[in-house]
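Since the structure comes first, as structure tokens, the remarks are kept for the end.
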């Protein structure tokens, strides 16, 4: 309360009387709990308030999605594009010095394997008659895992030694960064070696709920193709629902993998009922070296 100016005796008496009257009037006001207990809102008023609450909830959901996938994150997209260009440059250099014979042979083997996998999946879907998209996709995954196991057991030449382990080419080399109603991104496309933890965001931009697998595959680019890196804690994962207009974050701890921080490029592959999604990233030291090489002399 501000300090009063000097008042005359009559003014001070008037102030005192006004304060006492105010306190007297306030004493007749019932407590807040009693007012809430006695008052009842009309049915129309409650319906209007519920409608307003639903509209606010929808707006909050839309803002949450736009928070993850808004144009403000265009810089991330630019970084990813730059990494793709760098990967393409590495690929061109490797092709020039490594020859084209090995690449053509690998492409033919990959094409034959993909054709055989597609024919097998088609036959199985025709025989069953009522196979869902999720079941069909799970069959493809099991066939790819089985094929990779056969290659590993037979010591196929397509495998490579990487970080004291044998890795094999990924079943899908061309993976889109965005599908019609699903998109992914990582919280940081340039990762610190001391903190190799990524936050993978999966967003459903469509109007219908979709399913996704709550695990992803880690792949590394080695000279001529993407190779899948096995995890020390390999799990099949679980298919979960993602509501329309919503996004979900999945934490990926790279310390569970044996990886080479000097490799040029990595990517995380996410499984959804609409197909595969891939998002690329790299490590800080490799990114610095790449930028130095691209700078004009």
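The values are calculated or read from the model by the stated rules, or taken from the named source; none is laboratory data. The structure presented is a predicted model; accordingly, all values stated were derived computationally and were not measured. Ideal geometry is used to build each Cβ from the backbone, glycine not excepted, and the neighbour counts take in all protein chains shown.
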- Members of segment 186-233 found to be in contact with a helix residue (DSSP H, G or I) (Cβ under 9 Å, 6 or more places away or on another chain), over 19 Å from residue 256 (Cα atoms) and assigned to a strand (DSSP E or B), listed by number: 201, 203, 204, 211, 225
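So which of 33, 37, 61 is within 30 Å of residue 203 (Cβ to Cβ) and at pLDDT below 80? Give the derivation first.
Values: 33 fails: within 30 Å of residue 203 (Cβ to Cβ); 37 fails: within 30 Å of residue 203 (Cβ to Cβ).
One residue alone meets the criteria, 61.
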- Query: Which one is farthest from residue 183 (Cα to Cα) among residues in segment 258-277 that are free of Cβ contacts under 8 Å to residues at least 60 places away in the same chain and assigned to a loop (DSSP other than H, G, I, E, B)?
  - Reply: 262
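Could you count how many residues in segment 240-257 are touching a helix residue (DSSP H, G or I) at 6+ places or on another chain (Cβ under 6 Å), surrounded by fewer than 19 Cβ atoms within 10 Å (Cβ to Cβ) and in a strand (DSSP E or B)?
Initially, segment 240-257 is screened for residues touching a helix residue (DSSP H, G or I) at 6+ places or on another chain (Cβ under 6 Å), giving 245, 247.
Filter again for surrounded by fewer than 19 Cβ atoms within 10 Å (Cβ to Cβ), leaving 245.
So of that shortlist, the ones also in a strand (DSSP E or B) come out as none.
So the count comes out to 0.
Here is a check on your reading of the model: is residue 225 modelled with pLDDT of 90 or more and within 26 Å of residue 164 (Cα to Cα)?
Details: modelled with pLDDT of 90 or more: yes; within 26 Å of residue 164 (Cα to Cα): yes.
Against the criterion (modelled with pLDDT of 90 or more and within 26 Å of residue 164 (Cα to Cα)), residue 225 qualifies.
Yes or no: segment 264-273 includes at least one residue that is closer than 25 Å to residue 170 by Cβ, touching a strand residue (DSSP E or B) at 6+ places or on another chain (Cβ under 8 Å) and exposed (fewer than 11 other Cβ atoms within 10 Å of the Cβ).
Initially, segment 264-273 is screened for residues closer than 25 Å to residue 170 by Cβ, giving 264-273.
From what's left, touching a strand residue (DSSP E or B) at 6+ places or on another chain (Cβ under 8 Å): 264-273.
Narrowing further to those that are exposed (fewer than 11 other Cβ atoms within 10 Å of the Cβ): none.
Scanning segment 264-273, I find no residue that is closer than 25 Å to residue 170 by Cβ, touching a strand residue (DSSP E or B) at 6+ places or on another chain (Cβ under 8 Å) and exposed (fewer than 11 other Cβ atoms within 10 Å of the Cβ), so the answer is no.
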- Message: Criterion first (in contact (Cβ under 8 Å) with a residue 60 or more places away in the chain and either over 20 Å from residue 172 (Cα atoms) or assigned to a helix (DSSP H, G or I) (or both)) does residue 290 satisfy it?
- Response: yes
